[in-house]
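One structure below.
What follows is calculated from the coordinates using simple rules that are stated; it is not laboratory data. Please read all numbers here as calculations on a predicted model, not as lab measurements. For neighbour counting, all protein chains shown are included, and Cβ atoms are generated from backbone atoms with ideal geometry for every residue, glycine included.
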Amino acid sequence: MRRILLLIFIPFCIWAQDRENRDLPIFEPIPYYSVGDSIKGWSFSADGQWISKPKTIPVIGISRNEDFYNNKDNALGIDNIHQLLAYKVKYGSDTLICLVKIFREGEYRYPNRKRGWKERYAGYYWIVRYRDLRNALNYFEEQDTSEAFVLRIKSLEGRYIKEIEEPEEVLDQIVSTTIIKPNFDRNLVLTIQEGDESDQIRIHICSLHVIFTDVEGVRKNFTKRGRSVYGSVKLFDYLYFEMDRKNFFEILNLDANLDQLLEEEMLPVFDQGRSSPTDSLATDSL
């Protein structure tokens, strides 16, 4: 009798459960923001020289040692950026952006013998609220100083993409697995500083755990005295990316791709989605 009652009761319990579906993120099909060629990497060499390389932060070595820097693994640097992309995302009533960092990665198939080297595109992406990124960058611009700032911006999702067959197809890999997570435990960490020239800016981006010093989104960790320097203003004493200031701040121009969408006779997935002026300042993300 107990088993019969249980079998009768279970369907009613299932029927009584909340079946309201959560909103799904809707991505615009092309990036509204894309930079790559204007990025230059800098690092402070072991013999006290600043050295640079297009799109790549050179590893720390003796500046005159060309063989060291031409080594297959070292040639990819401490970190590198092939391309930075940003996609506009609609999630319920929120406007989000998906920031994608595409970089070159490489490894030996037989590392002990240093044989079978293979390079590939890899990547990391962050999904953040547009208003949080906007407010963080506005905060930086309001500071009349040449000091570096570390802006911690709450992420709603993010992960490493081990292999990207074609950079143009990265969105498909992101959309297929993305779940918006309001309690996601990692932040987009943007270290930023005005450049020596007024039209330049220094930046670095990575993913850091909200509590621990666990770092993601970089090719190699960079440590001093056993501690990671990512997420610290001291990072720019050793390395940074530099790019055109105007190009960087285009990341706030959400409607930059509208003309391209119209030219390709594609309708945007949703309307222009400008953030409301009543959006509150997310002070906990700075």
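A few notes on this one:
- Scan the range 72-120 for residues that are surrounded by 14 or more Cβ atoms within 10 Å (Cβ to Cβ) and either under 18 Å from Ser43 (Cβ atoms) or under 22 Å from the mean Cα position of the chain (by Cα) (or both) and the total you get is 32.
- Positions within the range 211-232 being of a type in the set (Ser, Thr, Tyr) and not in a strand (DSSP E or B), in sequence order: Thr213, Tyr230, Ser232
- Members of the range 189-225 found to be in contact with a helix residue (DSSP H, G or I) (Cβ under 8 Å, 6 or more places away or on another chain), among the aliphatic types (A, V, I, L, M) and over 24 Å from Gly106 (Cα atoms), listed by number: Leu190, Ile192, Ile201
- Total residues in the range 25-57 satisfying the condition of being touching a Pro at 6+ places or on another chain (Cβ under 9 Å), among the charged types (D, E, K, R) and closer than 15 Å to His204 by Cα: the figure is 1.
- Residues that are basic (Lys, Arg) and closer than 26 Å to Gly48 by Cα within the range 199-256 comprise Arg202, Arg219, Lys220, Lys224, Arg225, Arg227, Lys234, listed in sequence order.
- Counting only strands (runs of 3 or more DSSP E) wholly contained in the range 32-126, the ones carrying 3 or more residues that are touching a residue at least 24 places away in the same chain (Cβ under 8 Å) and within 24 Å of Glu163 (Cβ to Cβ) occupy 33-35, 83-91, 94-110.
- Verdict on Thr145 being among the β-branched types (Val, Ile, Thr) and either buried (at least 19 other Cβ atoms within 10 Å of the Cβ) or in contact with a Lys or Arg (Cβ under 9 Å, 6 or more places away or on another chain) (or both): no
- Single unsatisfied condition, Phe241 versus (1) more than 17 Å from Lys154 (Cβ to Cβ); (2) not in a strand (DSSP E or B): (2)
- Yes/no for Glu163 being part of a strand (DSSP E or B) and acidic (Asp, Glu): yes
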